[in-house]
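S.K.: Quick one: the structure is below, and I'll ask about it shortly.
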Amino acid sequence: MNTQAAQAIVDFATNGHAKANRYRFDAENHIHLLDDKPLMGTSTVVGALGKPLTYWAAGCALTPLGWLNRKKSTVNERLDLAGEKLGMLRDLDREGYVRLLESCYHAHTKTLKDTADEGTNTHAQLAHYVQSCIDDNGGEPCKLLKYGHGAVEVFADWAMEHVQKFIWSEKHCYSEKLWVGGISDCGCVLTNGRTAIIDFKRKGCYYSQFVQIGGYAEQVEENWLLEADGQRYGGVGQADIDDLIVFPNAGKPRTEPAAPFMDRFAEVVNIYRHQQEYDSK
């Protein structure tokens, strides 16, 4: 028996497959690795689709100049603020006006950072709630009389009605076939018996978000779930994913069947790869 074959037998006996702990997550650089080779990130790949944020960014840029959303403000409120800002503009010299234009141009980046910080905290609280249900209540949703976080209370109330059992919270997954890795927010069995992946988002229910969760579903079905160090997550061991759910911090959740979006994710992987090839020339 040659050395390579002997080592393969040792590896198989140690961890049940030909090579132990092939996957690991480099948290410092936020890179998913397979056999120490970087995988494409699931959210990065889906970025090839873009997001419908053009009007939002325009609103951020115009706000310092006195713009208010007409759907959320009265005519008098809009006229009063416009008059106030117009007076401010008349008092500016050229240098001040240029500085104002620069702040308008970068306004969306500050808004993104502020909402990202808020979203990160909310995401952590939601993950903690799901993990607590798994650790302390056998996965069954817990009723919260007062949690101290509005988004968590809304999710807990929804889960009490729609979720039979939580399966995982914040677990890693990957696909060798598509060469991608990711971290799935939450998995559960719904009260109708269907298995679903839930993804927590700051706002909205966009098409691209479902494509992203379809990517997680593809990875979970191929290799189940893992801890950051590559150890296989206990849980139920394997699952076919039936549904995908986007749960925004403010708003109503939306559910879509998994299979079509799993197919779309595989297509987006090819688009992303082709885009990278094009940009590298």
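The values are calculated or read from the model by the stated rules, or taken from the named source; none is laboratory data. The structure displayed is predicted, hence computed values, not measured ones. Cβ sites come from the backbone with ideal geometry, for glycine too, and all protein chains shown count toward neighbours.
S.K.: For the range 233-248, does any single residue satisfy the condition of being in contact (Cβ under 8 Å) with a residue 60 or more places away in the chain, part of a strand (DSSP E or B) and within 15 Å of the chain's Cα centre (by Cα)?
M.R.: yes
S.K.: Can you tell me which residue among 245, 271 is in contact with a Ser or Thr (Cβ under 6 Å, 6 or more places away or on another chain) and hydrophobic (A, V, I, L, M, F, W, C)?
M.R.: On inspection, the qualifying residue turns out to be 245.
S.K.: When you go through 186, 205 one by one, which is the residue that is buried (at least 24 other Cβ atoms within 10 Å of the Cβ) and hydrophobic (A, V, I, L, M, F, W, C)?
M.R.: After applying the criteria, what remains is 186.
S.K.: Working only within the range 237-263, note down all residues that are touching a Leu at 6+ places or on another chain (Cβ under 8 Å) and of a type in the set (A, V, I, L, M).
M.R.: 258
S.K.: Does residue 49 satisfy the condition of being at pLDDT 80 or above and over 30 Å from residue 175 (Cβ atoms)?
M.R.: When the stated conditions are applied, residue 49 does not pass them.
S.K.: On to the next question. Here are some residues: 196, 159, 266, 217. Which one is in contact with a Leu (Cβ under 9 Å, 6 or more places away or on another chain), surrounded by 20 or more Cβ atoms within 10 Å (Cβ to Cβ) and assigned to a helix (DSSP H, G or I)?
M.R.: Checking each option against the conditions leaves just 217.
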